[in-house]
Amino acid sequence: MKLWALGLMTSMLSGGAPASAEELGGTLLVLNKSEASVSFLSCATGKEIGRAPTGDGPHEVAISPDGRTAVVGNYGTRVPGSTLTVVAMPSMAVTKTIDLGDYHRPHGIAFLPEGQHVVVTCEAEKAVLEVDVKSGEVVQVSSTEQEISHMLGLHPEGELAFVANIGSGSVSVLDLEAGELIEIVETGAGAEGVDVSPDGKEVWVGNRDANNLTILDPDTLEITETLGCPSFPIRVKFTPDGQRVLVSNARSADVAVFDAATRKELARIPMKVEAVSDRQDRLFGDSFGESPVPVGILIEPDGKRAFIANTNADVVSVIDLEKLAVVDRWRAGKEPDGLGYTAVECGVGEEPAR
């Protein structure tokens, strides 16, 4: 494998240099799985400023490097989804629906650094697609050769993808330039959450059924460490400075904070919010009892706040990363999950989209 040059991380969540919410304002995008929509929340006030329709079961969203385009994967509900919804910002208007044809259950999604193509997992076909957002064409298909290829993390250079496979308990490593599978690394039962460090030196994987985290060396593809992390670690996210790692734990209803260098767990931040009563028609149902089921994690570019989507409580918890505590709770739609951020202030001077 080629050696990877170090450099600044190309953010898939925003465009431009890191800045605080007070300086940039910015907008938080929240996918509402049960309402087939995306909500736009002001990062300054937490209030919903608009909403746009998506396909059924929107799970994850990618934001272009310039912050002006959002691409939503429509996973589907009982009927598998096979489309992507493209939304323009700041207008919050749907500009296109991309048909993926024979590929279904699109989930993990990210923009490539050049800003025109996204890569997206398609669980049903054990595949990762590269899609030209402008033309709407699928330009490349790579096979993961594993079951339920769910989330993905990109190397900062954009040439490698690390795909977590829930059903196989593994990570498929793909060369995106060649469209080839390089390696399959067995990490642990229920591998789902995955993120690559900003400097490209580590890959952290959350193995939800094994209740642990696996750390991979992206150059050698060897496992360097395994850390315990109960209960049901479902998403993993590095802070922008690479110093800490946040893990949402669906069953224990908290977010674990790890020191990336020492591997020590620094804190457990409880969500302290009640689950809704109408859980039966949701993806996780009553599987986690009264847990609000924290899943999606997004960290602002300045690293001061993290947002956690509590999918069974219809609440986005706002965490102060200096205090390591929940300081606010924002509301969007029903069953929030995937989150995105743009420095663009949506809806300014415009009528809210509905």
Problem - Percent RCO, i.e. relative contact order, over the chain, from Cα pairs under 8 Å lying at least 6 residues apart - result: 17 percent
Exercise for the section: Go ahead and run the numbers for FRET between residue 278 and residue 159, Cβ-Cβ distance against an R0 of 41 Å, rounding to 0.05. Expected result: 0.40
Problem - Size of electric dipole in the chain: Cβ of Lys, Arg +1 and of Asp, Glu -1, about Cα centre, debye, nearest 20 - result: 1060 debye
Exercise for the section: For the range 215-291, calculate the relative contact order in percent as a whole number, restricting contacts to Cα pairs under 8 Å that are 6 or more residues apart. Expected result: 18 percent
Handout entry: Ranking of 284, 258 by count of other Cβ atoms within 10 Å, fewest first
Key = 284, 258
Problem - Calculated FRET value between residue 45 and residue 241, using beta carbons and R₀ = 25 Å, to 0.05 - result: 0.45
Fill in the blank from the handout: For the range 29-342, the charge dipole (Cβ of Lys, Arg +1; Cβ of Asp, Glu -1; about the Cα centre) points to a positive end, and the Cα of 129, 342, 324 closest to that extreme belongs to 324
Practice task
Rank 282, 244, 68 by mean-square fluctuation in a GNM of the chain with C-alpha springs under 10 angstrom and give only the top-ranked residue.
Solution key: 282
Completion exercise
Given backbone amide H placed at 1.01 Å from N, residues whose amide H is under 5 Å from that of residue 315, ignoring those fewer than 5 places away on the same chain, are 310
Handout entry: Amide hydrogen neighbours beyond the local backbone of residue 37, cut-off 5 Å, H modeled
Key = 32, 54
Handout entry: Fewest-first ranking of 51, 263, 329, using other Cβ atoms within 10 Å as the exposure measure
Key = 263, 329, 51
Completion exercise
When 239, 262, 45 are arranged by how many other beta-carbons sit within 10 Å of their Cβ, fewest first, they go 262, 45, 239
Handout entry: For peptides 130-141, 81-92, sequence by mean Cβ density within 10 Å, most packed first
Key = 81-92, 130-141
Problem - Leading residue at positive end of dipole, the range 29-342 (Cβ point charges), from 67, 258, 285 - result: 285
Fill in the blank from the handout: A chain fully extended from residue 175 to residue 99 at 0.36 nm per residue, minus the present Cα-Cα distance, gains in nm 24.9 nm
Fill in the blank from the handout: Charge dipole of the chain built from unit charges on the beta carbon (Lys, Arg +1; Asp, Glu -1), centred at mean Cα; most positive-end Cα among 160, 276, 34 is 276
Exercise for the section: Could you run the Karplus curve 6.51 cos²θ - 1.76 cosθ + 1.60 with θ = phi - 60° over the range 295-309 and give me ³J(HN,Hα) per residue in whole Hz, x for Gly and Pro? Expected result: 10, x, 10, 9, 10, 4, x, 7, x, 8, 10, 10, 10, 10, 7
Exercise for the section: Go through 237/304; 272/323; 264/323; 272/334; 126/334 and tell me which ones have a Cα-Cα distance over 20 Å in this structure. Expected result: 126/334
Completion exercise
Dividing the mean separation of Cα pairs under 8 Å (6+ apart) by the residue count of the range 212-354 yields a relative contact order in percent of 15 percent
Completion exercise
Taking the chain and counting helices only, DSSP H stretches of n ≥ 4 at -39,500 (n - 2.57) each over all residues, the nearest-500 ellipticity at 222 nm comes to 0 deg cm²/dmol
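Taken together, the values in this text are just the output of simple stated rules run on the coordinates, not laboratory data. Keep in mind that what you see is a predicted model, and the values were worked out from it rather than measured. Note that we place each Cβ from the backbone using ideal geometry, even for glycine, and neighbour counts take in every protein chain shown.
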